[in-house]
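The values are calculated or read from the model by the stated rules, or taken from the named source; none is laboratory data. Predicted model only: the values in this text are computed from it and were never measured. For neighbour counting, all protein chains shown are included, and Cβ atoms are generated from backbone atoms with ideal geometry for every residue, glycine included.
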Protein chains: 2
Amino acid sequence: MTEDDYIITKTTTKTRLLFARNLRRAREARGISQEMLAELAGLHRTYVGSVERGERNISIDNIERLAKALGLEPENLLRRDADC
Amino acid sequence: MTEDDYIITKTTTKTRLLFARNLRRAREARGISQEMLAELAGLHRTYVGSVERGERNISIDNIERLAKALGLEPENLLRRDADC
């Protein structure tokens, strides 16, 4: 997936895209679906999908839920050099 | 400032408190007020105060604004061992 695949709007920030990319990478590395991740994190499947496309201005509480579901620390999902 | 100074509610998560602590530490290390930080980040002074008390479920876009205003990467503000 390249950055071109993301829906870029004027409100999409660099950090959202970084988070989106790291989240997808970490999820795929674990071989789980968006649906499974959503269930593990107590979030809705379509919400996780939109976060992975950088469409959502996700909150710190939901960043924590997703990180926990993936067995990561929240900071890992914001790293430039993330190797989740 | 100790963790006792934070307003803890059932919706206050660990990550919020980590962010709150790192934000305050980074701001104070730069010798700037909440008001000045708010101005640099384009946010309201009372909002920055409530974020520093862990009261707000801050969004990733606002995490980016605050990090940028402090000359940091967003991940720095979520680090456990942050030395901002």
- Item | Scan of region A:53-65 for residues that are touching a residue at least 12 places away in the same chain (Cβ under 8 Å) and within 13 Å of chain B (Cβ to nearest Cβ), ordered by number | A:GLY54, A:GLU55, A:ARG56, A:ASN57, A:ILE58, A:ILE60, A:ASN62, A:ILE63, A:ARG65
- Message: Checking A:HIS44 against (1) within 14 Å of chain B (Cβ to nearest Cβ); (2) free of Cβ contacts under 8 Å to residues at least 40 places away in the same chain, only one condition comes out false. Which one?
- Response: (1)
- Message: I'm trying to understand the selection: among the residues of region A:41-52, which are surrounded by fewer than 18 Cβ atoms within 10 Å (Cβ to Cβ) and either in a loop (DSSP other than H, G, I, E, B) or not aromatic (Phe, Trp, Tyr) (or both)?
- Response: A:GLY42, A:HIS44, A:ARG45, A:THR46, A:GLY49, A:SER50
- Message: Every residue in region A:52-84 that is hydrophobic (A, V, I, L, M, F, W, C) and under 19 Å from B:ARG16 (Cα atoms), please.
- Response: A:ILE58, A:ILE60, A:ILE63, A:LEU66, A:ALA67, A:ALA69, A:LEU70, A:LEU72, A:LEU77, A:LEU78
- Message: I want to confirm something. Restricting to region B:53-72 and keeping residues that are in a helix (DSSP H, G or I) and out of contact with any Ser or Thr (no Cβ under 6 Å at 6 or more places or on another chain), which single residue is farthest from A:THR13 (Cα to Cα)?
- Response: B:LEU70
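Every residue, every condition in (1) hydroxyl-bearing (Ser, Thr, Tyr); (2) surrounded by fewer than 17 Cβ atoms within 10 Å (Cβ to Cβ); (3) at positive phi, yes or no:
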residue	(1), (2), (3)
A:ASN22	no, no, no
A:GLU28	no, yes, no
A:SER59	yes, no, no
A:ARG65	no, no, no
A:ARG79	no, no, no
- Message: Quick test for you: out of A:GLU75, A:GLU3, pick the one residue that is modelled with pLDDT under 95, touching a helix residue (DSSP H, G or I) at 6+ places or on another chain (Cβ under 9 Å) and not aliphatic (A, V, I, L, M).
- Response: A:GLU3
- For region B:26-40, how many residues are more than 12 Å from the chain's Cα centre (by Cα) and either closer than 16 Å to B:LEU78 by Cα or part of a helix (DSSP H, G or I) (or both)? 5
